[in-house]
Amino acid sequence: EKGGFEHFMLKEIYEQPKVIEDSFRGRMSATDGWIKLGGVSEFSTKIDKAERFIITACGTSYHSGLLAEYLIEELARVPVEVEYASEFRYRNPIINETDVVIAISQSGETADTLAAIEMAKERQALIYGICNVIGSSIARVSHAGSYTHAGPEIGVASTKAFSTQVSILTLLALQIAQSKGTISTSKLRQILYELEHIPEKIEETLQLDGQIRELAAIYKDATNFLYLGRGVNFPVALEGALKLKEISYIHAEGYPAAEMKHGPIALIDEEMPVVFLATNQSAYEKIVSNIQEVKARKGKIIAIVNKGDTQIRNLADHVIEVPETEEVLSPLVTVVPLQLLAYHIAILRGCNVDQPRNLAKSVTVE
Ligand code: M6R
């Protein structure tokens, strides 16, 4: 049942190329420049006119929601708010008919996410569910939605569910952008073409497994980790930190790289490993200067960079080189080494990666 892998988590990490392909198969064509998510087409009048998207979720699904804020605002030019379901449902939020509420949930059973959409539904918003489990409660309560098609996710730490959520959210942003005319045909095709190539780029990234295991052996006894990223890679920093916390029990925090100066920089000394997501073409020099700030305080730098990068190699203690892609799609690649790093550190510390202490696969009580 684990397909020759020692743990479900590792199997699920390695399934990502295939399930990402499953998530977009039949829903787009790069050559012909079309995207068709059934749920979006069905409610296109309401979705195209939406004045705001509110995304609500918990945990890893919340991180893919944060990423969608960048995607939808950048591509479709509609304001987006992202809310922890547990806060949103109790805040008496302002919601109206022109809002579209997107709920993201692997299990489709998370109590807070379910309650949040029930409340938003009563307030007349259109509810769009992005779930993995077919026929789950959130899928049933939603007016429309898309399944992620990741297949069963058994490991408590979410991996392939995250990447398929991101793939669907990218298609959603692009489909809205296309119907609103906020994206050129050539740009649309370019992103879709790159999306089609993501599975092979993840395949290539998975070959870094051995290098990442060696890195894990160096840092397995660290007591703290910082993860820093900018733009679309900021949510990836949060996700990398969550993976490490939940399965290895090492304290980790994700931060927007520039926010480090406003506090967390005080934590940095020679004992602190800092993982930088440094693939963003649009903020490259800014990330380089954030790396220099950490280096000046003797932090240990592990940088995820694009293949062939030379500037950061000279600054970092370790570089993990991943294949370059369109910046908006880069999280699909950069999250993979972070999943593997958390996995190997947890294994080296003797932790039960598939069933970490105190955690349940789906949180059906608030
Ligand atoms: O099933 P959901 O996507 O609604 O679950 C949300 C969170 O409970 C879940 O992502 C949790 O944070 C994972 N253990 C993270 O790996």
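The values are calculated or read from the model by the stated rules, or taken from the named source; none is laboratory data. Note that this is a predicted model, so its numbers are computed, not measured. When we count neighbours, we look across all protein chains shown, and the Cβ atoms used for this are built from the backbone with ideal geometry, even at glycine. Each accessible area value is taken on the protein alone, full model and side chains, heavy atoms only, with ligands, DNA and RNA left out. Shrake-Rupley method; radii C 1.70, N 1.55, O 1.52, S 1.80 Å.
Couplings for the stretch 141-154, taken from phi via the Karplus curve 6.51 cos²θ - 1.76 cosθ + 1.60 with θ = phi - 60°, read 6, 5, 6, 8, x, 9, 7, 7, 6, 7, x, x, 10, 9 Hz in order; Gly and Pro are left as x. The distance between label points at residue 220 and residue 295 comes to 2.9 nm (points 7 Å beyond Cα on the Cα→Cβ vector).
What is the Å³ per residue value for the convex hull set by the Cα atoms of the stretch 1-146?
For the stretch 1-146, the hull spanned by Cα atoms encloses 128 Å³ per residue.
Dividing the summed -39500 (n - 2.57) terms of all DSSP H runs of n ≥ 4 by the residue count of the chain sets its mean residue ellipticity at 222 nm at -14000 deg cm²/dmol.
Find how much the distance from residue 140 to residue 197 grows on full extension, using 0.36 nm per residue of separation minus their present alpha carbon separation; answer in nm with one decimal. Working shown, then result.
Numbers: separation 57, 0.36 × 57 = 20.52 nm, distance 3.25 nm.
Computed gain between residue 140 and residue 197 is 17.3 nm.
Close amide H pairs (under 5 Å, H built 1.01 Å from N) link residue 276 with 228, 302, 303, 304, residues at least 5 positions away or on another chain.
Starting from the coordinates of the alpha-carbon atoms of the chain, obtain the Kirkwood hydrodynamic radius over all distinct pairs and give the value in Å to one decimal.
Working: mean 1/r = 0.0485 Å⁻¹.
After inverting the pairwise mean of 1/r, the radius is 20.6 Å.
Principal-axis analysis of the Cα atoms of the chain puts helix 185-206 at an angle of about 40° to the longest axis. Residues whose amide H comes within less than 5 Å of that of residue 133, counting only those at least five positions distant or on another chain, are 108 (H built at 1.01 Å from N in the peptide plane). The residues of the stretch 308-352 present an accessible area of 31 Å² per residue when probed at 1.4 Å with all protein chains retained. Helix 160-180 axis versus longest C-alpha principal axis of the chain: approximately 50°, rounded to the nearest ten.
Would you kindly state how much longer the chain becomes between residue 352 and residue 207 on full extension, computed as 0.36 nm times their sequence separation minus their alpha carbon distance, in nm to one decimal?
On the way: separation 145, 0.36 × 145 = 52.20 nm, distance 2.37 nm.
49.8 nm is the gain from fully extending residue 352 to residue 207.
So which trypsin sites (Lys or Arg not before Pro) in the stretch 1-103 are both in a DSSP loop and have at most 14 other Cβ atoms within 10 Å of their Cβ? Provide the component values of the computation, followed by the final result.
Working: sites: 2, 11, 18, 25, 27, 36, 46, 49, 52, 77, 89, 91; in loops: 2, 25, 27, 36, 77, 89, 91.
Here the sparse-neighbourhood loop sites are 2, 25, 36, 77, 91.
Want the number for residue 360 to residue 25: 0.36 nm per residue separation, take away the alpha-carbon distance, what's left? Present the calculation step by step, with values, prior to reporting the outcome.
Numbers: separation 335, 0.36 × 335 = 120.60 nm, distance 3.09 nm.
Difference between extended and current length: 117.5 nm.
Nearest 0.05, what FRET efficiency do residue 97 and residue 36 give at R0 = 25 Å with Cβ-Cβ as r?
Working: r = 25 Å, r/R0 = 1.01.
In this case the efficiency is close to 0.50.
Separation of the stretch 203-251 from the stretch 272-300 is 15 Å, based on Cα centroids.
In the stretch 1-159, how many lysine pairs have Cα atoms under 17 Å apart, counting only pairs 8 or more places apart or on different chains? Can you show the working numbers first?
Values: 2/11; 2/18; 36/46; 46/121.
Count of close lysine pairs: 4.
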